[in-house]
Amino acid sequence: MSERTAILPPVRPEFVRKTLDASNVGEIVRPLSAWERLTNITAVRRIFILVLLAALWQAYTVPLDNPLIFPTFSDVMAALWKETINGELPARILTSIKVLLMGYAAGVGLAAVLTTFAVSTRIGTDFLSTLTAMFNPLPAIALLPLALLWFGLGNPSLVFVLIHSVLWAVSLNTHSGFLSVSETLRMAGNNYGLTGIRYVMKILVPAAFPSILTGLKIGWAFAWRTLIAAELVFGVSSGSGGLGWFIFENRNELEVANVFAGLITVIIIGLVVESVVFRTIEAHTIRKWGMQR
Amino acid sequence: MTPLLEVDGVTLQYKTKQHLVTATYRVGFEVHRGDRFILLGPSGCGKSTLLKGVAGFLKPVEGSIRLNGKAIERPGPDRMMVFQEFDQLLPWKTVKQNVMFPMLTSGKFGRREAEQRALAFIAKVGLGKFADIFPHMLSGGMKQRVAIARAMAMEPDILLMDEPFAALDALTRRKMQEELLQLWEEIRFTVLFVTHSIEEAVIVGNRILVLSPHPGQVKAELNSRGEAGGGDGLVALQSRIHDMLFAERIEKALAD
């Protein structure tokens, strides 16, 4: 014990130094190895995962040798290539995307009206929260029989179910985004004399943009799913059906490789929209503003 | 000379879920042009609430607040506010755009003039190099400088500052106080400044309103000679205010 009490830090001499002139120090860089640079690219890592999955698929299906149940990856790619070249698949994609964009735009527009109403009045808030609580859990596809009854076979029915699938997801996220805008920003906006729709557009919308973007992404995924499912149910409308109908048709003709090709197209379009369209929007907005890393 | 801002017997109350809070009780004071008027008091004396009343975010339940003889009805760009929080800058706008934003939305200045003024004031607060940078890349002190530039560029009748330096570290805080005084020497704006720091009040202000807590009432209104007075005067004034606020606490402790 006596030893412990005796421990004292040593007395060290003081010193004062002149600092170096560091005002024109340039960038100090640590070079990365080629491997580090390569694995730092997100795209490279993702492509690696995709290649791995494709290899597993091929390795499983070649010994299985049953093109009716599970065609090989190379067969599916060949089918995809053939259908793209003969113009069948691009035409189907175009049909689907056209309907999808119509429904998506209408849904987002309605969501904008509904949430503006909800932030400006108390009854609007109640209206929105009641409606989203009621309709958000309701699968859009469950409304399809009703839509067919009301609008008949054709695009209006599809647009109707698409609006339903987009509207609630986007409204819910936008509204919760508006509610979480910091009190300081709100007061700053009011301080400049902003009120009403200008206040919503200039303060609330940009401040809530991370949530709004999440809503738009979820809405997009819901819409895409709903559309393919709806096309599978009632198929062709005006001459050429969409992607869902393509899948359905080829299943009936037992062209299983084409069914897979259709599914892969659905996946690819989803990936492209997510990683190109939404990622670009993110990079130019919330990431630039430091709202998201 | 008629005062710029007249606060007359103002009682401010706000409701929380459970009960009604009386923040200030019959507070009155006058702010003249060119004043660096300080609202000083311990936490819970309603000084920030009082500032919100002047800004127009809160209506007094009793008494009146008049700016240039006109009663204050709602928030407006003639009373620019600098908040304590760093997130008062719009993250989706660059420093320059942030400073220009109120000038443009209020329609007080045209685009060209707003831009010139913005650049001039950004240079005044020493951020000339950072005009095109987004706020998330700035330090806390720099953000507050931008907020001050934004408020001053508007040429408001009165500048409202709600503990603008409270969230800064001590060294930056000291520097910002000096810079604010330098700016005042240059532009001679009128500022209503809320703080809980006696030292800050004595350094920044020329006139100090001391408030007592729960609910806030006027305890004293004192003159400070500011930095120019220097030395003993400041220290003496500080200890005088300290005793004033401390005596309150002792009395209260005895009463309890």
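The values are calculated or read from the model by the stated rules, or taken from the named source; none is laboratory data. Quick caveat, the model's predicted, so the values are computed rather than measured. Cβ: placed from backbone, ideal geometry, glycine included. Neighbour counts: every protein chain shown. The accessibility values were calculated without ligands, DNA or RNA, using every heavy atom of the protein model including side chains. Shrake-Rupley method; radii C 1.70, N 1.55, O 1.52, S 1.80 Å.
Is there a residue being open to solvent by 20 Å² or more (accessible area, probe 1.4 Å), basic (Lys, Arg) and outside any loop (DSSP other than H, G, I, E, B) anywhere in region B:39-50? Checked against the condition, which is being open to solvent by 20 Å² or more (accessible area, probe 1.4 Å), basic (Lys, Arg) and outside any loop (DSSP other than H, G, I, E, B), region B:39-50 yields no hits at all.
In region B:168-175, the count of residues that are touching a Gly at 6+ places or on another chain (Cβ under 9 Å), buried (at least 16 other Cβ atoms within 10 Å of the Cβ) and part of a loop (DSSP other than H, G, I, E, B) is one or more. In the set A:Glu253, A:Glu249, only one residue is open to solvent by 50 Å² or more (accessible area, probe 1.4 Å) and touching an Asp or Glu at 6+ places or on another chain (Cβ under 9 Å); that residue is A:Glu249.
Against the test of being surrounded by 11 or more Cβ atoms within 10 Å (Cβ to Cβ), in contact (Cβ under 8 Å) with a residue 12 or more places away in the chain and of a type outside the set (Lys, Arg), the options A:Leu80, A:Leu64 yield a single qualifying residue, A:Leu80.
Residue count for region A:142-196 satisfying the condition of being within 14 Å of chain B (Cβ to nearest Cβ) and either touching a strand residue (DSSP E or B) at 6+ places or on another chain (Cβ under 9 Å) or assigned to a helix (DSSP H, G or I) (or both): 12.
Does A:Ile93 meet the test of being out of contact with any Ser or Thr (no Cβ under 8 Å at 6 or more places or on another chain), more than 30 Å from B:Gln84 (Cβ to Cβ) and more than 14 Å from every other protein chain (Cβ to nearest Cβ)?
Considered against the rule, which asks whether it is out of contact with any Ser or Thr (no Cβ under 8 Å at 6 or more places or on another chain), more than 30 Å from B:Gln84 (Cβ to Cβ) and more than 14 Å from every other protein chain (Cβ to nearest Cβ), A:Ile93 comes out as no.
Taking (1) surrounded by fewer than 23 Cβ atoms within 10 Å (Cβ to Cβ); (2) free of Cβ contacts under 8 Å to residues at least 60 places away in the same chain in turn, A:Lys217 satisfies each apart from (2).
Residues in region B:93-130 that are part of a loop (DSSP other than H, G, I, E, B), within 11 Å of chain A (Cβ to nearest Cβ) and touching a residue at least 40 places away in the same chain (Cβ under 8 Å): B:Lys93, B:Thr94, B:Ser106, B:Lys108.
Among the criteria (1) more than 27 Å from B:Ala55 (Cβ to Cβ); (2) of a type in the set (D, E, K, R); (3) within 13 Å of chain B (Cβ to nearest Cβ), the one A:Lys217 does not fulfil is (3). Only one of the listed residues (B:Arg79, B:Arg66, B:Arg26) is in contact (Cβ under 8 Å) with a residue 60 or more places away in the chain, of a type outside the set (Phe, Trp, Tyr), surrounded by 20 or more Cβ atoms within 10 Å (Cβ to Cβ) and in contact with a strand residue (DSSP E or B) (Cβ under 8 Å, 6 or more places away or on another chain). That residue is B:Arg79. Residues in region B:65-92 that are part of a strand (DSSP E or B) and either within 13 Å of chain A (Cβ to nearest Cβ) or touching a His at 6+ places or on another chain (Cβ under 7 Å) (or both): B:Arg79, B:Met80, B:Met81, B:Val82.
Of the residues making up region A:60-92, those that are among the aliphatic types (A, V, I, L, M) and farther than 25 Å from A:Ile269 by Cα are A:Val62, A:Leu64, A:Leu68.
State which residue is nearest to B:Leu89 (Cα to Cα) when the search covers only region B:149-159 and only residues that are open to solvent by 10 Å² or more (accessible area, probe 1.4 Å) and more than 12 Å from chain A (Cβ to nearest Cβ).
Filtering first and then ranking leaves B:Met152.
Regarding B:Gly141, is this residue exposed (fewer than 14 other Cβ atoms within 10 Å of the Cβ) and more than 9 Å from every other protein chain (Cβ to nearest Cβ)? It is false that B:Gly141 is exposed (fewer than 14 other Cβ atoms within 10 Å of the Cβ) and more than 9 Å from every other protein chain (Cβ to nearest Cβ).
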